[in-house]
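Notes follow once the structure below has been shown.
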Amino acid sequence: MNRVKEYRTELKISQIKLASEIGVARQTINMIENDKYNPSLDLCIKLAKALGTDLNQLFWEE
Amino acid sequence: MKTKESFSTKSIKYFYGIDGELDEYRRSELNRIGNNAYMILFYYLLISTIVAEFVVGNSFRFLQNYLMLNLLFLIFGSGMYTVVAIHRLKLHITDVSAMNYKSVRRMILKRDIRRTVLVTIIYCIFFAMSMAREGANLASFVFSPAMLIAAGSFAAIFGFISLVIDYSHLRRYKD
């Protein structure tokens, strides 16, 4: 389970805003948050940058 | 973050009726859907062609029916599968900000008018060709009231349905 939704809600950003910031569709953000799609490394990096964190914080499971 | 779309990207979006961003998720799903449709069509054509080869003999009528059956399978079989799969995954939905909503609707209207004109011309060519085969005078038929009424009705119905479907894919959100 990734923490994209957790970080996004913490920053009070909507799915649409995050999606337009990194150049994807809202459905893509929704699928990633619900663990129904595994994003590419390139997209993971964009997500991490947009959410002001790093890949470990966002995707690494303890 | 907008980058210039390649011809290939534009073609994929046009073919599958995607108006929004063609990102990696949408692309991978469309690849999967297209691959499934290709496999179904490949085996259908392979089997039906072999069967037709044995059955057809010299029957021109059977060959015509076979070609029509293939066309129906293409449209209602693989075509419907593609449409249903795209709708199930909501890949056709485009999110538009309230600020851009009007301009996007205008853009869709212009595109649908262009598409309707193109499809109507193709429709007229097919219609005229089938009439010519039946021995009608092509020149007088093309400009006949019957042809103009048929083309006008077709364009109005096709254009209206296209516009309603395309508008229904838009989702407005507030900035």
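The values are calculated or read from the model by the stated rules, or taken from the named source; none is laboratory data. Computed from a predicted structure; not experimentally measured. Neighbour counts run over all protein chains shown; Cβ positions are idealised from the backbone, glycine included. We work out accessible area using only protein heavy atoms, side chains counted, and drop any ligands, DNA or RNA first. Shrake-Rupley method; radii C 1.70, N 1.55, O 1.52, S 1.80 Å.
Computed values, structure above
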{"read-out": "Looking only at region B:7-28, and only at residues there that are within 9 Å of another protein chain (Cβ to nearest Cβ) and open to solvent by 50 Å² or more (accessible area, probe 1.4 Å), the one that is modelled with the highest pLDDT", "value": "B:GLU24"}
{"read-out": "Selection from region B:90-119 of residues that are in a loop (DSSP other than H, G, I, E, B) and either in contact (Cβ under 8 Å) with a residue 24 or more places away in the chain or polar (S, T, N, Q) (or both)", "value": "B:LEU91, B:HIS92, B:ILE93, B:ALA98, B:MET99, B:ASN100"}
{"read-out": "Filter pass, A:GLY23 being farther than 22 Å from B:GLY20 by Cα and either open to solvent by less than 40 Å² (accessible area, probe 1.4 Å) or more than 14 Å from chain B (Cβ to nearest Cβ) (or both)", "value": "no"}
{"read-out": "Single unsatisfied condition, B:ASN31 versus (1) assigned to a helix (DSSP H, G or I); (2) open to solvent by less than 90 Å² (accessible area, probe 1.4 Å); (3) within 14 Å of chain A (Cβ to nearest Cβ)", "value": "(2)"}
{"read-out": "Residues satisfying the stated conditions in region A:1-14, i.e. more than 9 Å from chain B (Cβ to nearest Cβ) and without any contact (Cβ under 8 Å) to a residue 40 or more places away in the chain", "value": "A:LYS5, A:GLU6, A:THR9, A:GLU10, A:LYS12, A:ILE13"}
{"read-out": "Looking only at region B:103-162, and only at residues there that are among the aromatic types (Phe, Trp, Tyr) and surrounded by 14 or more Cβ atoms within 10 Å (Cβ to Cβ), the one that is farthest from B:GLY20 (Cα to Cα)", "value": "B:PHE141"}
{"read-out": "When residues of region A:35-51 are limited to those that are at pLDDT 95 or above and surrounded by fewer than 15 Cβ atoms within 10 Å (Cβ to Cβ), the one nearest to B:ILE93 (Cα to Cα)", "value": "A:SER40"}
{"read-out": "Breaking point among (1) in contact with a helix residue (DSSP H, G or I) (Cβ under 9 Å, 6 or more places away or on another chain); (2) assigned to a helix (DSSP H, G or I); (3) of a type outside the set (Asp, Glu), for A:THR9", "value": "(1)"}
{"read-out": "Checking B:VAL83 against (1) more than 14 Å from every other protein chain (Cβ to nearest Cβ); (2) open to solvent by less than 60 Å² (accessible area, probe 1.4 Å); (3) under 20 Å from A:THR28 (Cα atoms), the condition it does not meet", "value": "(2)"}
